[in-house]
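The values are calculated or read from the model by the stated rules, or taken from the named source; none is laboratory data. Every value quoted in this text rests on a predicted model; they were computed, and no experiment measured them. Neighbour counts run over all protein chains shown; Cβ positions are idealised from the backbone, glycine included. For the accessible areas, the whole protein counts, side chains as well, though only heavy atoms, and no ligand, DNA or RNA atoms are used. Shrake-Rupley method; radii C 1.70, N 1.55, O 1.52, S 1.80 Å.
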Amino acid sequence: MKDKHEEIKEYYGKELTTSEDLKTNACCTMEEPPEHIKGALRNIHNEVLDKYYGCGLAIPAKIEGLRILDLGSGSGRDCYILSQLVGQEGEVIGVDMTDEQLNVANKHIDYHTEKFGYKHSNVKFLKGNMEKLEELNLEPNSFDLIISNCVINLATDKEKVLADVYNLLKPGGEMYFSDVYSDRRISKELQADPVLWGECLSGALYWNDFLRISRKVGFTDPRSVKNNPITIENKEVHEKCGDIQFFSVTYRLWKIDGLEDECEDYGQAVTYKGTIENNGSSFDLDDHHHFPKGKIMTVCGNTFLMLQATRYAEHFEFYGTWDTHYGVFEGCGGAMPFSTEEGGEAASCC
Ligand SMILES: C[S@@+](CC[C@H](N)C(=O)[O-])C[C@H]1O[C@@H](n2cnc3c(N)ncnc32)[C@H](O)[C@@H]1O
């Protein structure tokens, strides 16, 4: 029997030739990108776009000058978007283990360098297994941002991948990634099915196990940014999956000392200055923290830190201290945080 990694390489290197070959919409972004991303997409080579198999938009706001790692970068679509947004002085490294995908990504480096008007490329692609990142000799605490688009579900040891990500991030850095989650734990039998695994379904983590693993490795307060239900049109795949519901979710996981496992109230507040590019009138930290420009908003201690101890600090005014604790920050809950409606908002949590 082939091991999972060989099966995945075969699926993404040989079985699929373009996103048209996918049997479900799990590895297929449904959301409309914002205008500045649409503009960046127009500069990307068609061959790269054709082999895009992502399930969300794994690109946060304000990334100019950042050093970024993309896990499972595939044909390089997201890396080439990031390359434009970080600017000439930023740096983007994509890691993938499938030769055919890497070949497409590498083939178009010069085309994009010229298209973006850069003196030299700020992107490179490394061949490697994200479950063995230590083999790539990447320096600990050296990345501002680590992204991934529909890949972590394919890992057999997801906890190791997240622990390594935590280690590679700078303090105040973040993992911002889109992936597939399920509403229950998936049976061993379904996990053994190579098509269901390759289509990013049966490797999906039960969302509550994902939260547990994230917290265990140090990402104390995972924040969901966007979620959409996944529909399975293929009859055979649908029958195999039965009642399991799948969601495509974008999470942001901050590496910040001092985050607590619950949202606590210290009487703190912030005001957004309206100064983040492409976010002039408001800024969304996640799907339940919307900051209109100029409005004083009360926040829990964790949200305060996510704005004050990160690259967003200069774009906010901060009020209050840590001297007095007023109890739990109202509004947190423990229900499933995804909506079954497309484009749904989170159902709970501060
Ligand atoms: C669903 S595709 C997504 C590709 C890319 N992120 C995109 O949005 O087009 C999954 C990709 O992850 C890569 N991959 C899967 N498991 C991997 C692993 N353990 N290490 C490195 N790459 C992996 C596959 O080779 C494939 O290119």
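How many residues does region 212-230 hold that are in contact with a Pro (Cβ under 9 Å, 6 or more places away or on another chain), open to solvent by less than 20 Å² (accessible area, probe 1.4 Å) and within 15 Å of Leu162 (Cβ to Cβ)?
1
In the condition set (1) more than 18 Å from Val249 (Cβ to Cβ); (2) open to solvent by 10 Å² or more (accessible area, probe 1.4 Å), Asn208 is compliant with all but (1).
Yes/no per residue for (1) in the same structural domain as Ile8 (by TED's automatic domain parsing); (2) within 15 Å of the ligand (Cβ to nearest atom); (3) in contact with a helix residue (DSSP H, G or I) (Cβ under 7 Å, 6 or more places away or on another chain):
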position: Asp164; (1), (2), (3): yes, yes, yes
position: Ser178; (1), (2), (3): yes, yes, no
position: Gly203; (1), (2), (3): yes, yes, yes
position: Gly218; (1), (2), (3): yes, no, yes
position: Pro222; (1), (2), (3): yes, no, yes
position: Val225; (1), (2), (3): yes, no, no
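One residue is enough: does region 98-119 have a residue meeting the conditions open to solvent by less than 20 Å² (accessible area, probe 1.4 Å), of a type in the set (Phe, Trp, Tyr) and more than 13 Å from the ligand (Cβ to nearest atom)? Looking for residues that are open to solvent by less than 20 Å² (accessible area, probe 1.4 Å), of a type in the set (Phe, Trp, Tyr) and more than 13 Å from the ligand (Cβ to nearest atom), one finds none in region 98-119, hence no.
Among all residues of region 21-34, there is none that is in the same structural domain as Ile232 (by TED's automatic domain parsing), away from the ligand (no atom under 12 Å from the Cβ), among the hydrophobic types (A, V, I, L, M, F, W, C) and at pLDDT 95 or above. For residues that are more than 12 Å from His45 (Cβ to Cβ) and within 6 Å of the ligand (Cβ to nearest atom), scanning just region 74-87, find the one that is farthest from the chain's Cα centre (by Cα). Within region 74-87, the match that is farthest from the chain's Cα centre (by Cα) is Gly74.
Among residues belonging to region 267-280 that are on the phi < 0 side of the Ramachandran plot and within 24 Å of the chain's Cα centre (by Cα), point out the one that is most open to solvent (accessible area, probe 1.4 Å). Across region 267-280, the extreme among qualifying residues is Glu277. Only one of the numbered conditions (1) under 21 Å from Leu259 (Cβ atoms); (2) without any contact (Cβ under 8 Å) to a residue 40 or more places away in the chain; (3) not β-branched (Val, Ile, Thr) is not met by Gly117, and that is (1). Checked against (1) under 30 Å from Glu314 (Cβ atoms); (2) β-branched (Val, Ile, Thr); (3) touching a Leu at 6+ places or on another chain (Cβ under 8 Å), Ile232 meets all criteria but (1).
For region 46-68, indicate whether the set of residues that are assigned to a loop (DSSP other than H, G, I, E, B), over 28 Å from Asp286 (Cβ atoms) and either open to solvent by 50 Å² or more (accessible area, probe 1.4 Å) or away from the ligand (no atom under 13 Å from the Cβ) (or both) is non-empty. Please lay out each step first, then the result.
Pass one, region 46-68, residues assigned to a loop (DSSP other than H, G, I, E, B): 51-66.
Subset that is over 28 Å from Asp286 (Cβ atoms): 51.
Subsequent filtering for residues that are either open to solvent by 50 Å² or more (accessible area, probe 1.4 Å) or away from the ligand (no atom under 13 Å from the Cβ) (or both) retains none.
No, every residue in region 46-68 fails to be assigned to a loop (DSSP other than H, G, I, E, B), over 28 Å from Asp286 (Cβ atoms) and either open to solvent by 50 Å² or more (accessible area, probe 1.4 Å) or away from the ligand (no atom under 13 Å from the Cβ) (or both).
Only one of the numbered conditions (1) free of Cβ contacts under 8 Å to residues at least 60 places away in the same chain; (2) more than 13 Å from the ligand (Cβ to nearest atom); (3) buried (at least 21 other Cβ atoms within 10 Å of the Cβ) is not met by Gly94, and that is (2). Within region 239-266, being over 19 Å from Asp221 (Cβ atoms) and open to solvent by 20 Å² or more (accessible area, probe 1.4 Å) holds for Glu239, Lys240, Gly242, Asp243, Ile244, Gln245.
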